[in-house]
Amino acid sequence: MRAGRPKIGDQATSDVVVRLRTPEGRDEWLYCHSAVLAAGSTYFADRLSDAWPTCQILGSRYCVEVYCQELDLSSHVTALRFLYAAEPCSRFGVRGALGVLQAAVSLGCAQIAAACAGYIESAPWDEADEEEILRTVPCLGAQYECILARLRPIDPAPVARIFLSAFRHATRSSAAGPARELKSAAQEQLEYMLTEDDDAPLIALDNVNVKSQVKDCVTGLLSRFSDFLASVLTKHKETSLAGDIGELQQELHTFVCDISWVCQILSKLEMMKCIVLYWVGVSSDVVEAVGAVCPGYDYLKTSLKVVEVSAKVLEAVAFGNIVLPTEKRQHMVNVWISFARTTKSLIVQTDHDDDDETPKANLDNEVWQGLESAIVSIVLTLPSNSQAEILSEWLQSKHVRYPDLTEAFEAWCYRSKVAKRRLSFLSNIDGVS
């Protein structure tokens, strides 16, 4: 305090009493000085002027009554105390400063309000702070909207740049330490950016530039995966993998996890075609590599991730989102029926052999059901003779319970039985089987 500056509460020098009153009956008296109040507050300058005829007299002092809510009373007291400070201090918490800001705006204390606004604008906020700020600041006037700058919607161009930069991190080769954490965070936040919930996705799903660069990143990931598969299969045929098995298992698992995640993103961007066409081409190599690197019970979680990717690919084909020739559809069904059946039987066997209550590796039932439904749908799109081959092999398998092709079997029986009658208009019906 500067020497000679009056102090709030000093009855000896006070010439005005400020009475803070609330609807609940609180009545706080503060002994103040009209010169200080009028200099720092337009509200008190008006109330203490000759133009305000209703100013009461309390004893030998003027009395100014100020009405406020119970929750705002302490903020009003603080604002009045700041009028006596050489330099307003607002560094006592975001919500505390927000309360004083409201009181300062109400009392016309421009310097105090500016100090509080500057502090709030520059301070870190938690979620509760943000909600309170959003509730309060818009009611204070346009000059305080600068506080909301960090919460305003961002322009599309920076969003696209951040999305693409994060996508590049999310599809890079596995790394250690902070790089791995960044990759995981990037994948998580990219999913959130594209999620359509109460709010629209942060990135426009029809952004051609974004799709083009996403496709380039995915192509790079798939190219590295192809090189990895080729290396594994070459080593498997020429030498033993025993010395490198642990590292190869981890690398294969990382690749498949990344591809599974990419499927989620591409599905939201309606770009599954590039990965479907790729997965069709490498299906046999993937199965062979898994068998070489993760045989039997070893690294079952990798096999499950492969099933997860295949389910997404097959669903895209089954729903008609991606059109494939008959030969490729039949090839996919044959490969993944066998792989899914083997993986499912391993899970059942693991559950049977292990008596402990530790969580077992598995997929959500929705994934298994989605894969089964997709297989049935694709089988029913194939020529009758191709369906017969698949169903015959399925009925002879000891793992006939999964996938359950009963629906396809029933449809095939009906179609086969009525085929000649339904196609009687064809001249070569005798040759139709």
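The values are calculated or read from the model by the stated rules, or taken from the named source; none is laboratory data. Please read all numbers here as calculations on a predicted model, not as lab measurements. Quick reminder, even Gly has a Cβ in these numbers, built from the backbone with ideal geometry, and neighbours come from all protein chains shown. In case anyone asks, the SASA skips ligands and DNA or RNA and just uses the protein heavy atoms, side chains included. Shrake-Rupley method; radii C 1.70, N 1.55, O 1.52, S 1.80 Å.
At-a-glance table
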| item | result |
| --- | --- |
| The range 7-46 - residue that is small (G, A, S) and either in contact with a strand residue (DSSP E or B) (Cβ under 7 Å, 6 or more places away or on another chain) or more than 14 Å from C109 (Cβ to Cβ) (or both) and, of those, least open to solvent (accessible area, probe 1.4 Å) | S14 |
| Candidate set: the range 229-241, residues that are in a helix (DSSP H, G or I) and over 30 Å from V323 (Cα atoms); chosen: the one least open to solvent (accessible area, probe 1.4 Å) | V232 |
| Pair list, Cβ < 6 Å and 6+ apart or interchain, from the range 150-170 residues that are among the aliphatic types (A, V, I, L, M) to residues that are assigned to a loop (DSSP other than H, G, I, E, B) | V159/L202; V159/I203 |
| Matching option when the condition is at pLDDT below 90 and either surrounded by 18 or more Cβ atoms within 10 Å (Cβ to Cβ) or under 30 Å from Q11 (Cα atoms) (or both), among S90, S75 | S90 |
| Index of the failed condition, Q387 passing every other in (1) at pLDDT 95 or above; (2) closer than 25 Å to V348 by Cβ | (2) |
| Unique residue being among the basic types (K, R), at pLDDT 90 or above and either in a helix (DSSP H, G or I) or open to solvent by 30 Å² or more (accessible area, probe 1.4 Å) (or both) when the list is K360, K312, K301, K344 | K312 |
| Number of positions in the range 402-422 that are touching a Phe, Trp or Tyr at 6+ places or on another chain (Cβ under 9 Å) and in a helix (DSSP H, G or I) | 2 |
| Hits in the range 202-213 (condition: touching a residue at least 40 places away in the same chain (Cβ under 8 Å) and either among the β-branched types (V, I, T) or open to solvent by less than 40 Å² (accessible area, probe 1.4 Å) (or both)) | I203, V210 |
| Only one of T406, T381 that is of a type in the set (S, T, N, Q) and either modelled with pLDDT under 90 or open to solvent by 60 Å² or more (accessible area, probe 1.4 Å) (or both) | T381 |
| Given (1) assigned to a helix (DSSP H, G or I); (2) surrounded by 14 or more Cβ atoms within 10 Å (Cβ to Cβ); (3) at pLDDT below 95, index of the condition H399 fails | (1) |
| Count of the range 242-280 residues which are open to solvent by 60 Å² or more (accessible area, probe 1.4 Å) and either of a type in the set (G, A, S) or in contact with a strand residue (DSSP E or B) (Cβ under 7 Å, 6 or more places away or on another chain) (or both) | 3 |
| Long-range neighbours under 7 Å by Cβ, at least six apart or interchain, first residue under 22 Å from M271 (Cα atoms) within the range 310-335, second outside any helix (DSSP H, G or I) | A316/I322; V317/L324; T326/L382; T326/P383; R329/T381; R329/L382 |
| Pick from the range 162-201, criterion open to solvent by 60 Å² or more (accessible area, probe 1.4 Å) and of a type in the set (D, E), ranking: farthest from V218 (Cα to Cα) | D198 |
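Results for (1) hydroxyl-bearing (S, T, Y); (2) modelled with pLDDT of 95 or more; (3) touching a helix residue (DSSP H, G or I) at 6+ places or on another chain (Cβ under 9 Å); (4) not in a helix (DSSP H, G or I), shown as yes or no for each residue.
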| residue | (1), (2), (3), (4) |
| --- | --- |
| R95 | no, no, yes, no |
| A114 | no, no, yes, no |
| Y119 | yes, no, yes, no |
| R150 | no, no, yes, no |
| V159 | no, no, yes, no |
| R172 | no, no, yes, yes |
| A185 | no, no, yes, no |
| D197 | no, no, no, yes |
| L202 | no, no, yes, yes |
